[in-house]
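Below is one structure, written out as structure tokens, with a few remarks after it.
The values are calculated or read from the model by the stated rules, or taken from the named source; none is laboratory data. Worth saying up front: this structure is predicted, and the values here are computed from it rather than measured. As a convention, Cβ positions derive from the backbone with ideal geometry for all residues, glycine included, and neighbour counts pool all protein chains shown.
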Amino acid sequence: MSVKIPEEKLAEIRNASDIVDVIGDYVQLKKNGRQYGGLCPFHDEKTPSFSVSEEKQVYHCFGCGAGGNVFTFLQDLEGWSFAKTVAHLAGKAKISLPQVVESNEYQVYEDTSKVDAMKKAHQLAASTYHSIFMFTEEGSPGRVYAQERYFTEAQIDHFKIGYALDEWETLAKVLEQNEFDLTIMEEAGLVAKRKSSGYYDLFRNRLIFPISDNNGDIVGFGGRIVGEGQPKYLNSPETPIYQKAKTLFHMFEARPIIRKKNKAYLFEGALDVMAAWKSGIENAVATLGTALSQDHAKLLRRNAEEIILCYDGDRAGREAIRKTIPVLENVGCQIQVCLLPDGYDPDDYVKEFGEEALKAYLEKELLSVMAFKMYDAKQTKNLQNEGERLKYIEDMLEAIAQLESIEQEHYLKQLSKEFNLSFQVLHQEMMRKERKTAPVRQQQQAERYGDTVKAHHTFQTARPIAAHIKAERMLLGYMLQDEEMIWRVTERLQDGFNIDEHQALYAYLISFVSQHPEKGIKEFIESLEDQKLAKLAAYLLMQDVKVECTDAELDDYIKKIEQYPKLLQIKEQQQAARLEQDPVLAAQKQMELIRKKRELLGK
Ligand SMILES: [Zn+2]
């Protein structure tokens, strides 16, 4: 089955979808003059080179050359087909799409029907669990348990907490009654198949908390056993809609506040997040039974710069922190560590000391990465032993050598004081280590940024831009925002543009406005099948062009464009003249060429 999306529908969806809104779901955008800026989601970077124009509804990255409109953004970032992208945007804008119109132009959502069913089933399951918890007699074990754990009404409401009965077929029956295909529900991780026949619930006798994906759809559940039993925590398995390495618990719900504070607390489990939330730390998220992945880190970095790692202070917790730090550092996060006191998780801590105390602890008991490394190393060494003490100092000097110089001084002083050693000696030793590790660090950095460098395109570069290229870009920029300009340029420009890509775009633009005088620039960019040209168009629209191009400005650009091939010719002739055997003739030729060049440049 395939569906053709009529032109008018497409226009309606386009008009209803604001690019700043859509990209804002993925990138923390800051208003910067007439445009929005942020960190590019297409390449790893630490300083923003990604900009979005609300006015022109296009985006462009000056770092990697990515660019386009709202449709290409989702296609490129999510890897969606055009049809899926349209369906997504239509859903977001609450525009209904036509059902079935035969065409082979677009391939549509056959593959999405299963995913849809899975998401709808999760929604139904979440409300079933929640209703059982809230309103039924049978749900009382869940309520009693929640009371024992001091869950508040606000928490139950915010986290949509539910209860799965201690029975085998509650959810399976509900799903069946609602005509869900139970083989798909098994794949969705809600039920499991019996050896004999039929299906049974995966979650039983558990407090249930739904897990949302980055669009706010429920895609899985976490469950804490009520009373005794194993396993204590059970999470949904990996399914087509739930990928643990891409999902952070509470990310969707906390995103607005994380962005506002530019800061996120990262915990190891859902219950930690709930305890923190109750204490007033609302910008908290957690991984669910996995280590922090590269995708998790990117997701965090897209929303906040500062990450506070809140793990257990025990051996396993510190080990996890050691592994997590480089993953976050790689995406450019600033990291602080909050070690929870031995033997306490946030929930226990609240129970014993109260909510305010937890909040204060999470806000104040913060260690820098270096301070954590020092603390961590001390836990495993006996510093009374001279050998171990020296090893500790060596290790720390190595770590300090990798810091910024202002921090280096701070920690060197600390080491010097703690072990009663000369600052100078420590400093020298550290410098020696720095020299040793510097090439390695440069190599690592080169590797880290390697793909960025490779991704650079010809039409944007840090080098000064030649006058003719700049002139061509400016003219195209004007033409893309003002049709009148197209005709003014064609009237004067004799031989077209020098740069092939510019010439191609120019040609497409003329043919588009001739054939579709009623359409706008957004449709033009969409009509470009060559992605490279679409990117170029988005980039050109991002240039700061004035509203109107004066005749003098136009003449100047045309002159620069037309001069270039002539200058190139003179240069070639100059090279040829150097081969002239007769020195007098050679000099004459050179003089003549210099005169020609001067004339051309009007000097
Ligand atoms: Zn980029």
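A compact table of results
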{"quantity": "Output for segment 143-190, where each listed residue is without any contact (Cβ under 8 Å) to a residue 24 or more places away in the chain, within 33 Å of the chain's Cα centre (by Cα) and closer than 25 Å to Pro240 by Cβ", "calculated": "Glu186"}
{"quantity": "Candidate set from segment 30-44 (those that are assigned to a loop (DSSP other than H, G, I, E, B) and of a type in the set (D, E, K, R)); member that is surrounded by the fewest Cβ atoms within 10 Å (Cβ to Cβ)", "calculated": "Arg34"}
{"quantity": "Only listed residue being of a type in the set (Phe, Trp, Tyr) and either assigned by TED's automatic domain parsing to the domain that holds Lys351 or out of contact with any Gly (no Cβ under 9 Å at 6 or more places or on another chain) (or both), chosen from Phe151, Phe221, Phe203", "calculated": "Phe151"}
{"quantity": "Segment 47-78 - residue that is closer than 20 Å to Ile525 by Cβ and without any contact (Cβ under 8 Å) to a residue 40 or more places away in the chain and, of those, nearest to the ligand (Cβ to nearest atom)", "calculated": "Cys61"}
{"quantity": "Check on Gly37, within 16 Å of the ligand (Cβ to nearest atom) and at pLDDT 90 or above", "calculated": "yes"}
{"quantity": "Extreme residue, farthest from the ligand (Cβ to nearest atom), among residues of segment 5-24 that are of a type in the set (Val, Ile, Thr) and more than 28 Å from Lys260 (Cα to Cα)", "calculated": "Ile5"}
{"quantity": "Residue that is surrounded by the most Cβ atoms within 10 Å (Cβ to Cβ), among those in segment 372-430 that are assigned by TED's automatic domain parsing to the domain that holds Arg318 and among the aromatic types (Phe, Trp, Tyr)", "calculated": "Phe372"}
{"quantity": "Sole exception among (1) crowded, with 20+ Cβ neighbours inside 10 Å; (2) among the β-branched types (Val, Ile, Thr); (3) away from the ligand (no atom under 16 Å from the Cβ); (4) part of a loop (DSSP other than H, G, I, E, B) for Val27, by number", "calculated": "(3)"}
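Matching residues to (1) more than 33 Å from the chain's Cα centre (by Cα); (2) not hydroxyl-bearing (Ser, Thr, Tyr):
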| site | (1), (2) |
| --- | --- |
| Leu505 | no, yes |
| Ser511 | yes, no |
| Gln515 | yes, yes |
| Glu529 | no, yes |
| Ala534 | no, yes |
| Ala537 | no, yes |
| Leu554 | yes, yes |
| Tyr557 | yes, no |
| Lys566 | yes, yes |
